[in-house]
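**Q** My questions will all concern the structure given below.
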Amino acid sequence: MPPLEFSVSEFVSLTNQTLEYAYPYIVIVGEIANFRISKNRWVYFDLKDDQAILRCFGSVHSLPGPLGDGLLVKVSGSPRLHSLYGFSFNFHLITPKGEGAIKKTASLLEAKLEKEGLFNQDRKRQLPFPPKNIGLITSSESAGYSDFIKIINSRWSGLSIELANVQVQGEAAIEQLTRAIGVFNQQAKPPEVIVIVRGGGSLEDLQVFSSEQVTRAVVGSRIPTLVAIGHERDISLAEKAADLRASTPSNAAELLVPDKRQVLHALKLVNKQITSLLDSRLRETEDSLNRQQKIVTTDLNMIFQQQFERFSQQRKLVQLLDPNTILKRGYAILYKGTKIVKTINDVSLGDSASIRLLDGSAQVTVNGKKMFEQKEN
């Protein structure tokens, strides 16, 4: 059988078809060597083990953060034969493998983001307390979701919680987490706070929360953020970038809302204090009114007594000035016509006059006059 014959371009095309069919998407584990970035866009490095070296190529946007030679990583992608540059492994995702590599990668990224000021305390915002509307990003099947919902509903009522159900580990998690943050931020009526939770796990399982994409998405959120990744020893970069960090999903619920039982107890104490204060003020007011009433009554009695004595004196004066009182003492009033005769000069001999006595009057005629001499005191 004669050998197959192809042009170069035909062979390259056929080889890529074969590779796409046989190895559409694979993961290769190896150590990074000769790492470099070209034009701040393309990434080149070698992936090696003790016996072989594989050339890798991809976009800078697919990097989890700063990488360096010597890191043990898992590279996900597909093999490709380029028509000009030869064979390479085109990566789509790189994740550190092993606790040492993960920590080193996170440390490199943390130093980079720290230099940019992404973890500064002065850029962190105050979360509403308690919020009415919460955007929750997690897996609905995770224990972290169950713990958060259980605790927050037991502590407070009337909350609106919108869930963005995402993967919280694995290759798809980074893209899903960043997209969920973006979706909440683009809503016409966004939630008051975005909460990202996940329960415990290995450092490798949790490394998506220390990826540059997720960390920058948390920093770029215009909605205040709370991140709770339940890992006992290490704090993810997303937690450091968030406006508030919680140690566990349950702790996140505790930080977001008060305990309604404590609030009710406090309200009862306040109500008791207010009632006691009102009762005390009421008693004080009642005592004050009683004292004022006594003072007013005393003053009124004094005024009444004074007015009564004044009235009695005026009554006595009126009685003294009453003509009948004078007539009772034996005096009489002499009238000449309708005028009272006050002096001897008011009458002449032969004048007719009437004299008023206590019990009647009599007609008289003046037949004589006598002037009394007034003695000086």
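**Q** Once phi is turned into ³J(HN,Hα) by the Karplus curve 6.51 cos²θ - 1.76 cosθ + 1.60 with θ = phi - 60°, what whole-Hz value does each residue of segment 352-361 show in order, with x for glycine and proline?
**A** Here the 3J(HN,Hα) series is 8, 8, 10, 10, 9, 10, 4, 10, x, 9 Hz.
**Q** Still on this structure: In segment 223-264, which residues have a backbone nitrogen under 20 Å from the label point lying 7 Å from Q186's Cα in the Cα-to-Cβ direction?
**A** Flagged as within label range: 223-225.
**Q** On to the next question. What nm value, rounded to one decimal, do you get for the distance between N90 and A22 when each label is placed 7 Å out toward the C-beta?
**A** Simple spin-label model gives 1.8 nm for this pair.
**Q** Given a Förster radius of 51 Å and the C-beta distance between E114 and M1 as r, what FRET efficiency does 1/(1 + (r/R0)^6) yield to the nearest 0.05?
**A** Rounded to the nearest 0.05, the efficiency is 0.20.
**Q** Could you rank the peptides 48-54, 220-226 by their average count of other C-beta atoms within 10 Å per residue, with the highest value first?
**A** Final packing ranking: 220-226, 48-54.
**Q** Separate question: Show me 169-176, 102-109, 185-192, 336-343 ranked by packing, highest mean number of other Cβ atoms within 10 Å first.
**A** 102-109, 169-176, 185-192, 336-343
**Q** Could you please rank V219, V183, placing first whichever residue has the fewest other Cβ atoms within 10 Å of its Cβ?
**A** Least to most surrounded, the residues fall as V183, V219.
**Q** Oh, and also: Using a 10 angstrom Cβ neighbour count of at most 15 plus a DSSP loop assignment to flag exposed chymotrypsin sites (Phe, Trp or Tyr not before Pro), which longest range of the chain is free of such sites?
**A** It works out to 86-330.
**Q** On to the next question. Note down the nm distance, to one decimal, between modelled labels 7 Å out along Cα→Cβ at I161 and at D351.
**A** The answer from the label model is 12.1 nm.
**Q** State the answer as a single residue: which of L349, L334, N324 lies farthest towards the positive end of the charge dipole of segment 324-365, with beta carbon charges of +1 for Lys and Arg and -1 for Asp and Glu, about the Cα centre.
**A** In segment 324-365, that residue is N324.
**Q** Pairs to check: K132/K189; K39/K104; K336/K370. Give those whose C-alpha atoms are more than 23 Å from each other in this structure.
**A** In this structure, K39/K104 lie more than 23 Å apart at Cα.
**Q** May I ask you to list the residues of segment 323-351 whose amide nitrogen lies under 18 Å from a point 7 Å from Cα along the Cα→beta-carbon direction of Q363?
**A** From segment 323-351, the list is 334-339, 348-351.
**Q** Quick one: among A22, A111, A241, which has the greatest mean-square fluctuation in a GNM of the chain with alpha-carbon springs under 10 angstrom?
**A** A22
**Q** How would you rank S160, S139, going from fewest to most other Cβ atoms within 10 Å of each one's own Cβ?
**A** S160, S139
**Q** State, to one decimal in nm², a quarter of the convex hull surface area for the C-alpha atoms of the chain, i.e. the direction-averaged projected area.
**A** 48.6 nm²
We did not get these values from a lab; they are worked out from the coordinates using the rules stated. Bear in mind that the values here come from a model prediction, so they are computed numbers and not experimental data. Methodologically, a virtual Cβ is constructed for each residue, glycine included, from the backbone with ideal geometry; neighbour enumeration extends over all protein chains shown.
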